[in-house]
Amino acid sequence: WRDVVRDAAAVREAAAVAVDAALLAGVLMRTGEQPHASDVVNYAPFTLLPSAVPRALFEQAYAVQQDFNLLVDTISQNKEFLEQTLASTIKVDDFTARLFRIYMQVLEEGLAQTVFLGINRSDYMFDCGLDGTAALRQIEINTIAASFGGLTSRTADVHRLVLKVLGKTEEASHLLPNNPAKGLALGIAKAWELYGSQRAVVMFLVEDVQRNIFDQRCVENELWNRNIRVVRKRFRDVFEQGSLDASRRLYMDGQEVAVVYYREGYVPQVYDQQNWEARLLLERSRAVKCPDIATQLAGTKKVQQELSRPGTLEKLLPGHPEAIARIRATFAGLYSLDEGEEGDRIAATAIADPDRFVLKPQREGGGNNLYGEELREVLQKIKDSPERTSYILMDKIKPQPALNYLLRAHSPLQVSECISELGIFGVYVRQGQELVLNQAAGHLLRTKATEHADGGVAAGVAVLDTPYLV
Ligand code: ADP
Ligand code: MG
């Protein structure tokens with residue numbers, strides 16, 4: 001969009017149209033000032049222009065999604081693998097340890113749950129090689145509370161209009177349709193149906209502060225369209241109203257729950273003693289958890305790092321050589337910091353050359369990773385202590401930046417140098433041992449200014465975008 005980016009008047013006009021279009025389309029968030037109110041809302045931040053995404057890499061990301069669904073689901077059923085992989089982490093990371101304890105407790109009692117629902121989002125960046133070619137590199141896979149499938153179902157329409165206003169009608173017609181909200185709801189509806197109780201509801205397990213409620217409402221409304229009843233509850237409500245009957249069916253104040261869809265529960269701060277008890281109650285129940293605790297653990301960064309070890313995928317997915325090849329082709333370099341020679345060596349390398357790496361703790365939700373000088377300092381400090389084990393190292397991905405405008409409420413309109421991250425939503429349902437649904441459900445493109453190393457849309461760093469395939 002080189003011609004457009006320089007035309008200040010055209011940009012101003014298009015930005016005004018874009019903001020109104022976003023509000024009309026429902027690309028909304030509650031405000032930071034009034035996070036509990038739905039009568040004071042604003043548009044969710046988004047780019048003025050769609051961002052270029054190499055078509056081959058976009059297609060590659062879609063083509064590997066069913067493989068990732070299969071892999072995550074397989075790991076979630078492999079106690080030995082989870083136990084071995086997380087053994088070093090849970091010695092030093094209290095949060096992962098507590099999740100793991102619930103996992104073991106539930107297994108010891110025996111699973112009441114027979115239907116399993118996974119909704120994940122595999123995130124990628126486009127790594128720019130020395131010769132200028134771009135490669136698809138997975139950043140991580142989110143197996144719990146992967147967000148923005150709702151709002152992003154509405155952003156392509158906004159960008160289509162913007163391109164028309166800018167005189168790019170032909171280009172506007174190339175923007176792809178995208179409806180993750182429908183795909184996610186399809187998975188939830190399938191799980192609800194297999195659970196097999198007409199009267200039972202789908203429970204969205206939500207945060208105390210729900211700024212991103214409209215994203216969730218998009219999925220909720222798709223379920224209501226299918227005449228499936230949805231309730232929104234917090235961990236605190238589960239503690240106060242939740243109970244199990246003799247066959248471990250879950251009830252909230254007398255209302256049976258078929259599916260628990262977590263949009264909360266992935267950061268330690270939300271768990272006080274009562275909320276841990278609520279989590280345990282949910283996990284012990286027959287209700288379909290999306291995700292169950294095993295699948296949440298399968299999404300940890302430690303598991304991601306272990307998957308990149310030669311031979312691990314072959315052990316987990318015997319008889320799937322093609323899936324393994326597709327999965328492995330997306331891996332960046334990942335390194336264990338476990339105690340021992342291997343960890344010592346990579347720690348020394350990273351301290352000598354921090355800009356080559358990202359240092360990641362076992363946390364989700366953005367803003368936890370360490371880069372550059374800070375990476376060096378922290379690693380220097382912990383390199384001889386067991387605390388090192390709670391982190392992994394990853395090669396830093398370096399995408400080619402592009403110019404765009406990030407539209408944010410109450411912010412000046414200015415051009416930024418930006419990089420993008422592509423996410424593909426995956427949905428699958430398993431009944432007993434049989435995968436009855438396994439699909440890619442749409443995509444999410446998030447874009448941020450290059451001055452920010454970390455952070456997503458909810459963290460206020462990245463904004464919603466639409467891929468323009470080139
Ligand atoms: P979180 O669970 O907090 O979302 P991520 O692994 O997705 O953790 O990292 C958060 C952000 O940090 C990503 O959205 C991306 O912008 C940046 N990031 C993570 N890993 C890398 C990497 N290897 N190279 C470059 N940037 C990265
Ligand atoms: Mg992430």
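Key figures for this structure:
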{"read-out": "Fraction of beta bridges assigned by DSSP in the chain that are antiparallel (%, nearest 5)", "value": "80 percent"}
{"read-out": "J(HN,Hα) series, region 435-448, from Karplus relation 6.51 cos²θ - 1.76 cosθ + 1.60, nearest Hz, glycine and proline x", "value": "6, 9, 8, 7, 8, 8, 10, x, 9, 9, 10, 10, 10, 9"}
{"read-out": "Summed side-chain charge close to ASP353 - residues other than ASP353 whose Cβ falls under 14 Å, Lys, Arg +1, Asp, Glu -1", "value": "+2"}
{"read-out": "In order through region 218-230: 3J(HN,Hα) via Karplus (6.51 cos²θ - 1.76 cosθ + 1.60), integer Hz, x for Gly, Pro", "value": "4, 6, 3, 5, 4, 6, 4, 4, 8, 6, 9, 6, 10"}
{"read-out": "Cβ-based net charge around VAL267, under 9 Å, with every Lys or Arg adding one and every Asp or Glu removing one", "value": "-1"}
{"read-out": "For region 305-353, convex hull volume per residue from C-alpha positions, Å³", "value": "71 Å³"}
{"read-out": "Cα coordinate range in region 333-396, projected on the principal axes (Å, largest first)", "value": "31, 22, 21"}
{"read-out": "Three-way shape label, region 99-166, alpha-carbon gyration tensor, a/c 1.5", "value": "oblate"}
{"read-out": "The chain, relative contact order in percent, only Cα pairs under 8 angstrom and at least six apart counted", "value": "26 percent"}
{"read-out": "Per residue convex hull volume, Cα atoms of region 189-312, in Å³", "value": "139 Å³"}
{"read-out": "Helical mean residue ellipticity (222 nm; -39500 (n - 2.57) per DSSP H run of 4+; nearest 500) of the chain", "value": "-11500 deg cm²/dmol"}
{"read-out": "Sequence-separation-based contact order of region 333-396, relative, with Cα cut under 8 Å and 6+ spacing, percent", "value": "48 percent"}
{"read-out": "Relative contact order %, region 93-164, counting alpha carbon pairs below 8 Å whose residues are six or more apart", "value": "23 percent"}
{"read-out": "From phi via Karplus (6.51, -1.76, 1.60), per-residue ³J(HN,Hα) for region 366-377 in Hz, x at Gly/Pro", "value": "x, x, 9, 7, 10, 9, x, 4, 5, 4, 4, 4"}
{"read-out": "Size of charge dipole - the chain - debye, nearest 20, with Cβ of Lys, Arg +1 and Asp, Glu -1, no other charges", "value": "900 debye"}
{"read-out": "Gained length - SER173 relative to ARG309, 0.36 nm times residue gap less alpha-carbon distance", "value": "44.7 nm"}
{"read-out": "Among the listed pairs LYS190/LYS302; LYS396/LYS448; LYS79/LYS360; LYS182/LYS289; LYS302/LYS360; LYS233/LYS289, those beyond 21 Å (Cα-Cα)", "value": "LYS190/LYS302; LYS79/LYS360"}
{"read-out": "Size of the chain as Cα extents on the principal axes (Å, biggest first)", "value": "67, 57, 45"}
{"read-out": "Furthest towards positive pole of dipole, GLY366, SER420, LEU469, structure part the chain, Cβ charges", "value": "LEU469"}
{"read-out": "Highest-first arrangement of 329-335, 1-7, where packing means the average Cβ count within 10 Å", "value": "329-335, 1-7"}
{"read-out": "Interchain or long-range residues, amide H under 5 Å from LEU28's placed H", "value": "ALA44"}
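Values quoted throughout were computed directly from the atomic coordinates according to the rules given, and no laboratory measurement underlies them. Everything numeric in this text was worked out from a predicted model, so none of it was measured. Quick reminder, even Gly has a Cβ in these numbers, built from the backbone with ideal geometry, and neighbours come from all protein chains shown.
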